[in-house]
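Asks: Before anything else, here's the structure in question.
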Amino acid sequence: MKFDLHVHSCYSRDAVNKPETLIRRAKELGINIAITDHNTTAAYPKLKKISKKSGVSVIPGMEMDIYSEGKYLGELSALFLQEAPKANEFPAIVDEIKKQDALLYAPHPFDVFRSGFRELGTVAKKLDALEAFNSRCYFSGFNRKAEAYADAHKICKIAGSDAHFPQEIGKAITEFNCDNLEGVRKAIKKRNTRIYGEKSSPIVHFYTFLRKRKLLKEA
């Protein structure tokens, strides 16, 4: 199975992708997706309903802003969430994710232009995966550093496009030698993945800027 494990819908305020668009595009590409909106799981019920007819598998997830005593620490993501965590403080949110039997990963951990998690060393032993390739990284060195960190700490490597717009979907792929979602979960636990992808055009960050200011419509 092939997955883009980092995809945003229009339920993220900086993305335009309608649920229908995500499923249609994934079907065209012959891939599956994980929905990882910012601080919400609201898109998943609709995606789950639509995907049943398409043959596209959808993993419920979320990209979360993490705080410690009110201080912003950056972002962590989860896959296979049953519900959105009630906590946003570290380390309580990590414990809540683990109680759900969800998988914890660090997105774009070394991209200095975005919110990599500042306490990566503290949380490293609890990570199930690390995003070793993110298509939105400006510089390839950010991804190379992430891959090296995953190798050094024996953390599963995954890839995601971080798609906020339709043309970005499928830019990065994590491939699994299985045919169901439980197999995907087990493969991540066993660090049995293959990743590849290409960088998105830097212009997507400008589009994100426009979307945040409500100058672009859902698509």
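Asks: When you go through 159, 187, 146, 150 one by one, which is the residue that is out of contact with any strand residue (DSSP E or B) (no Cβ under 6 Å at 6 or more places or on another chain), within 25 Å of residue 81 (Cα to Cα) and either touching a residue at least 12 places away in the same chain (Cβ under 8 Å) or not in a loop (DSSP other than H, G, I, E, B) (or both)?
Replies: 187
Asks: What single numbered condition from (1) outside any strand (DSSP E or B); (2) surrounded by 14 or more Cβ atoms within 10 Å (Cβ to Cβ) fails to hold for residue 73?
Replies: Condition (1) is where residue 73 drops out.
Asks: What's the total number of residues in the range 15-46 that are crowded, with 19+ Cβ neighbours inside 10 Å, of a type outside the set (Gly, Ala, Ser) and either in contact with a helix residue (DSSP H, G or I) (Cβ under 7 Å, 6 or more places away or on another chain) or assigned to a helix (DSSP H, G or I) (or both)?
Replies: 10
Asks: Restricting to the range 191-217, give me the number of residues that are loosely packed, with under 12 Cβ neighbours inside 10 Å and either part of a strand (DSSP E or B) or in contact (Cβ under 8 Å) with a residue 12 or more places away in the chain (or both).
Replies: 4
Asks: Among (1) in a strand (DSSP E or B); (2) under 16 Å from residue 163 (Cα atoms), which single condition is residue 67 missing?
Replies: Single failed check for residue 67: (2).
Asks: Give 56, 112 a once-over and let me know the one that is among the β-branched types (Val, Ile, Thr), in contact with a helix residue (DSSP H, G or I) (Cβ under 9 Å, 6 or more places away or on another chain) and at pLDDT 95 or above.
Replies: 56
Asks: Give 135, 140 a once-over and let me know the one that is modelled with pLDDT of 95 or more, closer than 13 Å to residue 174 by Cβ and either of a type outside the set (Lys, Arg) or out of contact with any strand residue (DSSP E or B) (no Cβ under 9 Å at 6 or more places or on another chain) (or both).
Replies: 135
Asks: For residue 9, only one of the following conditions fails: (1) surrounded by fewer than 24 Cβ atoms within 10 Å (Cβ to Cβ); (2) of a type in the set (S, T, N, Q); (3) within 12 Å of the chain's Cα centre (by Cα). What is its number?
Replies: (1)
Asks: Then there's this: Within the range 105-127, take every residue that is free of Cβ contacts under 8 Å to residues at least 40 places away in the same chain and among the aromatic types (Phe, Trp, Tyr) and give me the one that is farthest from residue 206 (Cα to Cα).
Replies: It comes out as 110.
Asks: Tell me which residues, restricted to the range 169-184, are hydrophobic (A, V, I, L, M, F, W, C) and assigned to a loop (DSSP other than H, G, I, E, B).
Replies: Selection gives 169, 176, 178.
Asks: Would you mind finding the one in 212, 199, 154 that is more than 23 Å from residue 9 (Cβ to Cβ) and of a type in the set (Lys, Arg)?
Replies: Matching residue, one of 212, 199, 154: 154.
Asks: Let me ask something else. Going through the range 76-122 one residue at a time, which ones are assigned to a helix (DSSP H, G or I) and surrounded by fewer than 20 Cβ atoms within 10 Å (Cβ to Cβ)?
Replies: 92, 95, 96, 98, 99, 120, 121, 122
The values are calculated or read from the model by the stated rules, or taken from the named source; none is laboratory data. All figures in this text were calculated on a predicted structure; none of them were measured in a lab. Note that each Cβ is placed from the backbone with ideal geometry, even for glycine, and that neighbours are counted across all protein chains shown.
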